[in-house]
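The structure appears below as structure tokens.
Read-outs throughout are calculated quantities, based only on the coordinates presented, and are distinct from any laboratory measurement. Predicted model, so just to flag it, every value in this text is computed and none were measured. Cβ: placed from backbone, ideal geometry, glycine included. Neighbour counts: every protein chain shown.
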2 protein chains.
Amino acid sequence: MKVIHTADWHIGRILNGRALIQDQTYILHKFVEHMKEIEPDLIVITGDLYDTSFPSKSAIKLLEDTIKQLNISLQIPIIIISGNHDGKERLSYGASWFEQSQLYIRTEIEDLYNPIKIRDVNFYTLPFATLAEFQNYYKDVEINSNHEAMRHALKDIETSLNSSEKNVLLSHLTVSGGIKTDSERDLTIGTIESVDEDVFKMFDTVLLGHLHHPFSINSDFMYYSGSLLQYSFSEASQSKGFREVTIKQNQDISSKFIPMVPLRELEVIEADYQDVINENVKVKNKENYFHFKLSNMARIEDPIYHIKQIYPNTLALTNDTVYSQHQVAKRNLKQLDSNTIIQQFYEDVMDDELDKLQEQKVRQLVEALDEEERSR
Amino acid sequence: MKVIHTADWHIGRILNGRALIQDQTYILHKFVEHMKEIEPDLIVITGDLYDTSFPSKSAIKLLEDTIKQLNISLQIPIIIISGNHDGKERLSYGASWFEQSQLYIRTEIEDLYNPIKIRDVNFYTLPFATLAEFQNYYKDVEINSNHEAMRHALKDIETSLNSSEKNVLLSHLTVSGGIKTDSERDLTIGTIESVDEDVFKMFDTVLLGHLHHPFSINSDFMYYSGSLLQYSFSEASQSKGFREVTIKQNQDISSKFIPMVPLRELEVIEADYQDVINENVKVKNKENYFHFKLSNMARIEDPIYHIKQIYPNTLALTNDTVYSQHQVAKRNLKQLDSNTIIQQFYEDVMDDELDKLQEQKVRQLVEALDEEERSR
């Protein structure tokens, strides 16, 4: 049985003010093309299909069109669970009709106890739930963390599951030790959100959503598909795609990552401003989404304007000089007197020294402050 | 063939600050019970299922639950068209899956040319469209009114339809001469919105939404089902329900109105404040939604508080004295001097005369103003 594992589409995502819907339309079209070729027996989408619980019309349309092609045109069964970004009601609307064509949308904890059987494999679903939702559902038990919630939720499954068949769990959570990026929203506030791997050991495989890196964890039975696209500059060098999972009776389950090439990648460029403007820096593609961290930019008027003439999809520009030199300055800050600190700061920011008059003003100001300090 | 015709559910409607979702849940439950008994071959819902294009979660859930019971549990085919209150994308989401169980949701003009055949009857659908949408769809033709739009849209149908079969049009519009209430939102701004009956004469019957009165028009082939509930105090005495349409080959089509009793009706009570408080007025049900138009209320502090102690679902309270006596006063306003007008106004509002000091103050003020006027 060939199962395609994907997650974290985040349809409707806006990155630094830029709507990524065109990129998402492009990559989902590619995904559909891959599915035509692979002809999987099942697609599982483990949460965060939308980026917000109030998706835009265009986001709703893109998801509907994509799922329609996969499920109605290509007749591929699909199991979807909700993630922490999805609105349950929004996602599950129409689910009773969808199930008639083997499109299963699961958004509730209770669905865990009603696995979906496809080709003799049991697919258990545990969509994202808040700690409060777990506490409310398992009223009689004390639950203080995601780990405790999962352990309790899966306890009954452990005794009931048929271990002579293959059993797969689909969920949306953080496994302890998983590598995070800047684009996952925290699952809990003020409590440890991650769940230990041993809680899941009754399953033959666990297919996960939430972490955006396709190799977030090092496990021989738990996998993240990773997100559909790079969704923060901290993911700039990460491959994105989907996973092909092969499930055979009496054989170990294997999961293979299949990368997809996006319309635009995210690139972080650390360089000198003039080198960027003169195109003396190596970029993968000028149409990519850029975060430029540049030095020697202080005297340039409206640098982003000039940069966008060459790299139209620049999404972020920061002054690298200030940042890196500050780091150096910080180290011996305690050994310097106030005048020197101010002088160095000015130099960092302005790429220039204080002139005589400025230096004099600073000195007077510092002396006055020192005087005031002493007289208290 | 038995067809149930309903429209204008306006799920999520709020009347004078009061959410009607409980009343709507009650009546839709009743509607489902009726359907269990009638066992129709088809239900048509001719627009305005929701009250707004951004319905609340509870509104979405109520619609989904109702349609699920009718279409999935009772297995009744359903045709739905969008009205001017519905968001097309919202309503048609999932339509490709729904059609597999004979739930047809039509929101586009182009669907008109693709009738749905059920038991040898052709159901043509023309959902609500704005004048701009008509103009955009029929680019090559000049269209300046809803009437012209409909005439043009239906011209091609006239030549193509098979008149040896029964042909039914479902639409959401105002027919010329139709009785309006206060709760339909105008379809067009600044242009005549109504369409003449003769435009539709190629159809055996036309089942309509938009006007809330179930007997809005006097026609032998066109019918409004009316709204699900009374949605404005102008509908206070109107019966609400649905229609049962009987279609038989070689027979005229008949439409019969079937009323439903709501959880609460709307009542308008014109009376004296004391009579209302002393329960000397006849009301149908104290739990109904009331608009009280009362006289002799001017000296009562917080009258709505006292009224709600007896009639908890009072939604509106207006001072009838002021209103009616003002009408009288207006007539001879020009023949009165300023002092008398002010005196009468005070009496109207306060149910009392100006005292000596007040009268003196008014006189002084009027004289001062007259003086100022003269000196200009």
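Here A:Gln249 yields copy-to-copy label distances, from shortest upward, of 5.2 nm, the label point defined as 7 Å from Cα along Cα to C-beta.
Give the cross-link partners of B:Lys201 among the lysines, using a straight C-alpha distance below 29 Å as the criterion and excluding same-chain residues fewer than 8 apart. Reachable lysines: B:Lys2, B:Lys88, B:Lys117, B:Lys139, B:Lys155, B:Lys166, B:Lys180, B:Lys240, B:Lys248, B:Lys256.
Using a Gaussian network model of chain B whose springs link C-alpha atoms within less than 10 Å, name the residue from B:Ser225, B:Ser56, B:Ser164 with the highest mean-square fluctuation. Highest fluctuation of the listed residues: B:Ser164.
Chain A's nearest residue to the axis relating it to B, judged by Cβ and reported with the distance in whole Å, is A:Gly94, 2.
Judged by the mean number of other Cβ atoms found within 10 Å, the most tightly packed of the peptides B:208-216, B:233-241 leads the ranking B:208-216, B:233-241. In nanometres and ascending order, the distances from the B:His29 label point to those of the other copies are 5.0 (point 7 Å from Cα along Cα→Cβ). Ordering B:Leu207, B:Leu369 from the fewest to the most neighbouring beta carbons within 10 Å gives B:Leu369, B:Leu207. The angle between the Cα long axis of helix A:356-375 and the main principal axis of chain A comes to about 80°, on a 0 to 90 degree scale.
Per-residue shielding of B:65-74, expressed as the average number of other chain Cβ atoms within 10 Å of the residue Cβ, stands at 2. Between amide H atoms placed 1.01 Å from N, distances below 5 Å from B:Val195 occur with B:Thr174, B:Val175, B:Ser176, all of them 5 or more places distant or on a separate chain. With contributions of -39500 (n - 2.57) from each DSSP H run of at least four residues, the per-residue ellipticity at 222 nm computed over chain A stands at -9500 deg cm²/dmol.
Relative to the current alpha-carbon distance between A:Lys248 and A:Lys155, full extension at 0.36 nm per residue lengthens the span by 30.9 nm. Placing a label point 7 Å from the Cα of B:Ile14 along the Cα-to-Cβ direction, the residues of the range B:39-67 whose backbone N falls under 11 Å from that point are B:56. Across the identical copies, the 7 Å label point of B:Asn144, projected outward along Cα→Cβ, sits 7.8 nm from its counterparts, in ascending order.
In terms of packing, defined here as the mean over residues of other Cβ atoms within 10 angstrom, the peptides B:24-36, B:81-93 line up highest first as B:81-93, B:24-36. Per-residue shielding of A:54-63, expressed as the average number of other chain Cβ atoms within 10 Å of the residue Cβ, stands at 2.
Cross-link reach is defined here as a Cα-Cα straight distance under 23 Å, omitting same-chain residues fewer than 8 places apart; for B:Lys308 the lysines meeting it are B:Lys282, B:Lys284, B:Lys286, B:Lys293.
Taking other Cβ atoms within 10 Å as a rough exposure proxy, A:Val3, B:Val261 sort from fewest to most as B:Val261, A:Val3. Converting phi to 3J(HN,Hα) with the Karplus coefficients 6.51, -1.76 and 1.60 and the offset θ = phi - 60°, the range A:72-82 yields 8, 6, 8, 6, 8, x, 9, 10, 10, 10, 8 Hz in sequence order, with x at every glycine or proline.
If you wrap the tightest convex hull around every Cα atom of the protein assembly as shown and split its volume per residue, you get 346 Å³. With N counted as the residues of chain B, its alpha-carbon radius of gyration over 2.2 N^0.38 Å works out to 1.26.
Sequentially through the range B:18-24, phi angles give Karplus couplings (6.51, -1.76, 1.60; θ = phi - 60°) of 9, 6, 9, 4, 5, 5, 6 Hz, Gly and Pro residues having no value and appearing as x.
A Gaussian network model of chain B, with springs between Cα atoms under 10 Å, assigns the largest mean-square fluctuation among B:Asp355, B:Asp51, B:Asp302 to B:Asp355. With a 10 Å cut-off around each Cβ of A:85-94, the average count of Cβ atoms from other chains is 3.
The ranking of B:Thr46, B:Thr246 by Cβ neighbour count inside 10 Å, starting from the fewest, reads B:Thr246, B:Thr46. Rounded to the nearest angstrom and listed largest first, the equivalent-ellipsoid semi-axes of the range B:212-325 from its Cα gyration tensor are 39, 14, 9. Considering only B:Lys68, B:Lys180, B:Lys139, the mean-square fluctuation computed in a Gaussian network model of chain B, springs between alpha carbons under 10 angstrom, is largest for B:Lys139.
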